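Throughout, read-outs are computed from the coordinates displayed, never taken from laboratory work. Everything quoted here is computed from the prediction, not taken from an experiment. Positions of Cβ are backbone-derived with ideal geometry, glycine not excepted, and every protein chain shown enters the neighbour counts.
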Amino acid sequence: MRRDFSAFIEKVFYELNPGATFLPHWTIDLIAAHLEAVRQGKILRLIINLPPRSLKSIITSVAFPALILGHDPAAEVICASYAQDLSEKFSRDTRTIMQTPWYRELYPQTLLSPNRMAAAEFETTLHGFRKATSVGGVLTGRGAGYIVLDDPTKPEEAMSKVLRETTNHWFSHTLFSRLNNKATGRIVVVMQRLSEGDLTDHLAAMGGWTILNLAAIAQEDEEHIFHNAFGRVRIIRKQGEALHPAHESLDTLKSIQRNVGSSIFSAQWLQVPTPPEGIMVKREWFKRYKPEDLPDLFDQVVMSIDTANKATELSDYTAITIWGLRGKNIYLLHVLRRKMNYPDLKRTVKETASQFDATVVLIEDRASGTQLIQELLVDGLHSVKGIEPAGDKVMRLHAQTATIENGFVYIPEHAPWLDDYLHELTAFPNAKHDDQVDSTAQALQWLKATPEPGFLGYYRMLYAEENRKRGFTIELRTADAHIQWVNTCTGREVRIVNRTIWVNEAEAAELLRCGWKAI
């Protein structure tokens with residue numbers, strides 16, 4: 001067990017829970033490998049995010065301090081939790097383990113000092129110690145080489161901005177300062193995510209942290225490579241898989257979600273905190289449509305593409321959104337989101353543009369998008385338009401929120417891609433991915449910024465009025481964007497402008513039978 005922390009954890013579990021059943025799993029081995037890397041100085045700052053009831057406290061607050069002091073009886077360890085009584089409970093458990101015959105046989109050089117055996121702090125005969133404290137507690141005069149912070153925030157208090165900021169401030173200005181050596185001292189933070197702005201967010205924003213994020217249900221394909229006592233281990237976890245099916249199956253997790261609600265489940269079990277109504281965009285802002293509600297024809301069909309960062313990149317998603325504009329209303333017709341290599345991306349863009357008869361294809365003119373624009377234009381897709389984004393992602397979406405909030409954007413009542421799309425939009429900017437957000441903001445910005453220019457609209461109005469004076473009182477529209485001229489039953493050859501023409505009643509009757517639509 002000196003060389004196998006996972007086996008040590010199992011022994012600790014049974015010592016403290018003799019009537020329970022330990023379920024070995026690769027997640028325990030993975031966490032153990034990361035903590036061993038901390039003990040050996042290979043990782044100095046570690047955050048572990050994982051669901052409730054995952055043995056995180058037994059592993060990090062009980063077994064890990066015992067392991068540290070077993071290998072180094074002079075080590076100084078501070079352990080903290082959101083409540084002092086909870087922190088002291090973990091301390092008593094560590095002390096219990098270190099007094100067992102098997103532990104003393106395993107680490108004969110580590111002996112507890114009879115002079116200091118309190119739950120709040122106990123020492124070894126070599127003056128190493130484990131001190132228990134709580135968030136907000138006073139640590140004046142005490143420094144350590146290791147700090148373990150387990151559950152810094154009580155779940156019931158997670159939505160309090162004041163308490164979140166208090167915890168973050170205490171960590172940065174009190175707990176962190178207790179490291180004896182800031183260059184070599186080690187910190188482990190283990191917690192389930194609770195809300196945006198929690199300690200994980202706070203620390204991740206500073207940089208320099210290794211983050212082990214384990215969602216109860218995989219949000220994307222994962223690969224974990226680590227070493228245990230037997231050698232190198234490679235774990236492939238597919239999107240949608242339960243983290244530990246023998247402990248909590250997918251059915252069990254879905255039942256938990258129904259009981260605790262989507263918001264809490266998303267944060268604490270999936271490690272994706274987001275308020276239920278959305279952060280920048282709220283679900284209720286979108287209007288819904290049924291298939292029969294769609295206009296027969298659209299003024300424009302806009303295809304907006306957010307490509308992967310590099311043409312050769314396989315790990316990033318490409319998002320394609322299709323929008324139909326009719327008057328002031330904007331309809332989301334389709335979303336395509338997947339990982340594609342470059343040839344597949346290029347082929348998909350051409351096929352999708354043809355399928356939806358896109359009048360304009362918007363592509364961000366940077367990274368892989370620049371190459372795509374150039375090649376599509378060479379291939380004859382002249383509806384392609386390069387977009388130079390202005391501002392950051394948050395600013396770009398924020399500029400479009402009024403369009404959505406004011407009820408101009410329609411989404412289908414049902415679509416296979418809808419749940420994923422809405423989750424990303426409402427979770428932004430805290431969602432794992434933002435490709436659909438970028439595609440949406442790009443489309444809405446273009447539609448808002450490039451309506452029919454004023455002078456063209458003016459001359460179009462004059463053109464319509466002139467046609468009416470000449471007896472051509474009916475405006476018709478065709479679905480075929482490639483037709484430029486039409487011969488009417490009266491022998492007129494009429495130029496089609498923006499898919500529309502002005503005709504008289506006799507001409508209209510003939511064209512309506514051929515599939516034209518009256519506006």
* Cα convex hull of the stretch 110-155, projected area averaged across orientations, nm² -> 4.0
* Structure fact -> At 25 °C and 0.890 mPa s, the Stokes-Einstein diffusion coefficient in µm²/s for the stretch 193-242, with hydrodynamic radius from the Kirkwood sum on alpha carbon pairs, is 187
* **For the stretch 136-227, fraction of C-alpha pairs farther apart than 22 Å, in %** => 35
* Structure fact -> Taking the square root of 5λ for each eigenvalue of the C-alpha gyration tensor of the stretch 155-207, the equivalent ellipsoid has semi-axes, largest first and in whole angstrom, of 22, 12, 9
* Coarse-grained scattering of the chain at q = 0.12 Å⁻¹, given as base-10 log I(q)/I(0) from a Debye sum over alpha-carbon atoms -> -1.11
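Based on DSSP H runs of at least 4 residues, each adding -39500 (n - 2.57), what is the mean residue ellipticity at 222 nm of the chain after dividing by all its residues, to the nearest 500 deg cm²/dmol? Kindly include the intermediate steps, with their values, before the conclusion.
On the way: 16 runs with 170 residues, N = 519.
Value at 222 nm, helices only, nearest 500: -10000 deg cm²/dmol.
What do you get for trypsin sites (Lys or Arg not before Pro) in the stretch 167-215 restricted to DSSP loop and a cutoff of at most 16 other Cβ within 10 Å of the site's Cβ? Don't jump to the answer; show the numbers that get you there.
Details: sites: ARG178, LYS182, ARG186, ARG193; in loops: LYS182, ARG193.
Listed in order of number, the matching sites are LYS182.
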* Asked: How far is helix 84-98 tilted off the main Cα axis of the chain, in degrees rounded to 10, range 0 to 90?
  -> 60
* On alpha-carbon atoms, Rg over Rh for the stretch 283-449 using Kirkwood Rh? -> 0.93
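Rg to Rh ratio, the stretch 66-191, alpha-carbon atoms and Kirkwood radius? Kindly include the intermediate steps, with their values, before the conclusion.
Details: Rg = 15.0 Å, Rh = 15.0 Å.
So for the stretch 66-191, dividing Rg by the Kirkwood Rh gives 1.00.
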* Indicate, rounded to the nearest 5 percent, the antiparallel portion of the DSSP beta bridges found entirely in the stretch 283-449. => 55
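Mean shadow of the stretch 65-128, computed from the convex hull of its alpha carbons, in nm²?
Details: hull surface 15.2 nm².
Here the figure is 3.8 nm², rounded to one decimal.
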* Structure fact -> With Cα coordinates, the longest principal axis of the chain makes an angle with the long axis of helix 250-260, in degrees rounded to 10, of 90
* To do: Report relative contact order for the stretch 283-449 in percent, whole number only (criteria: Cα-Cα under 8 Å, sequence separation at least 6).
  => 30
* Structure fact -> Taking Cα pairs closer than 8 Å and at least 6 residues apart, the relative contact order of the chain in percent is 11
* Taking the alpha carbon gyration tensor of the stretch 1-108, what are the square roots of 5 times its eigenvalues, largest first, to the nearest whole Å? -> 18, 17, 16
* Give me the angle, in degrees from 0 to 90, between the Cα long axis of helix 435-449 and the longest principal axis of the Cα atoms of the chain, rounded to the nearest 10. => 40
* Asked: So which trypsin sites (Lys or Arg not before Pro) in the stretch 220-259 are both in a DSSP loop and have at most 10 other Cβ atoms within 10 Å of their Cβ?
  -> LYS238
* Structure fact -> Simple spin-label estimate for ASN17/ALA83, 7 Å along Cα→Cβ, in nm, reads 1.9
* Structure fact -> Taking Cα atoms only, Rg over Rh for the stretch 316-401 with Rh from the Kirkwood formula is 0.96
* Asked: When N counts the residues of the stretch 5-269, how does its alpha-carbon radius of gyration compare numerically with 2.2 N^0.38 Å, as a ratio?
  -> 0.99
* To do: Filter the cross-link list LYS282/LYS432; LYS287/LYS432; LYS339/LYS448; LYS238/LYS339; LYS238/LYS432; LYS42/LYS182 down to pairs whose alpha-carbon distance in this structure exceeds 20 Å.
  => LYS287/LYS432; LYS339/LYS448
